[in-house]
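The next block holds one structure in the form of structure tokens; read it before the comments.
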Ligand SMILES: [Zn+2]
């Protein structure tokens, strides 16, 4: 029997990027990680670099094929008309080592860049490919542990403070005062490597010493610089991404708190576990602290050079145990359900909803059992009832109703 558009178990794809942790995702998914491979991300969606599978009695089928067989039914006519496909990609991340400094492009830039790289003959999965698809990639993360990240440029006064207090940065202060942030950041990112080394090597060594002597906390840029170099004195070239650690807001989130990363806001994840939700895209422009492809001109062309104060979101309580987060994009919204004891949770899907159980388990509509680490999709127009017997945590990605995303401001 072929599955119908009801509620179906799905299986995602693990990405073994080098910055990933060894145990969180394996424990979540119930996988033995004897070989000690890094488990960085778990993807749920239809992105070509990791398409989920629908599991059914006779085997498995790609979620993308199942959706395109009847998109109006799988997505709802409204969502299909608006986006032409599943608009979001849901992930679980375990950040052990700092990620790259990055920004995400606008949709128009992605469309143009994708075509340009195709014309240049750069393979879709090539190392030096910037644009993996033709979509924008606004993204949000919800912390499921204490989480640290770099998010946007610091306010003006704090930038001036950093540039005047750090001896090595003092020569940059006049440029910043005279020409502003864009000039300063471009200057740093385009500086020749020898000058980068001259400026940063003594600083990095000092920070490593400071961390060892217990003079730093995670609120200090130096703590992350020392961690990046694994507290060993660096040899060879110093990564210019180190500058960004001093210029961006170091932001701490508690479990249950979220932050939205809009187009052009530079950021880098530092440490922790999160749920990440984004438009269905893998377009990342990188500027350092990575062995992945770096493209400084493309990064600079797509960065918003403005100071920001990070906006930490706590969501809106919809009903007992359920918090929903809306964002300033129509592509996705995020639900987080925490039930502390035996409970009944009911709702109805209006568009495609992807769910994952993070803790405990649920019985859906008295028939389907879903446990920790397992995921499912609820197709539009299906009612559901979850029964739980104890502490349970789930997250859900969904497409917000028209204009619901304007509630972002009220989060
Ligand atoms: Zn990002």
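Once region 228-255 is narrowed to residues that are within 15 Å of residue 271 (Cα to Cα) and out of contact with any strand residue (DSSP E or B) (no Cβ under 8 Å at 6 or more places or on another chain), the residue that is surrounded by the fewest Cβ atoms within 10 Å (Cβ to Cβ) is 230. Would a scan of region 191-209 turn up a residue that is closer than 17 Å to residue 148 by Cβ and in contact with a helix residue (DSSP H, G or I) (Cβ under 9 Å, 6 or more places away or on another chain)? Yes, region 191-209 contains at least one residue that is closer than 17 Å to residue 148 by Cβ and in contact with a helix residue (DSSP H, G or I) (Cβ under 9 Å, 6 or more places away or on another chain). Residues in region 17-49 that are in contact with a strand residue (DSSP E or B) (Cβ under 8 Å, 6 or more places away or on another chain) and at positive phi: 45 alone.
Could you please give the count of residues in region 315-362 that are assigned to a strand (DSSP E or B) and farther than 17 Å from residue 386 by Cα?
6
Right, residue 310: assigned to a loop (DSSP other than H, G, I, E, B) and either closer than 30 Å to residue 359 by Cα or away from the ligand (no atom under 15 Å from the Cβ) (or both) or not? Taking the combined requirement at face value, the residue satisfies it.
Is it the case that residue 63 is more than 24 Å from residue 260 (Cβ to Cβ) and crowded, with 23+ Cβ neighbours inside 10 Å? Answer is yes for this residue.
Laboratory data are not the source of any read-out in this text; all were calculated from the coordinates shown. Just so you know, these numbers come straight off a predicted model, no measurement behind them. Counting neighbours? That spans all protein chains shown, and the Cβs are built from the backbone with ideal geometry, glycine included.
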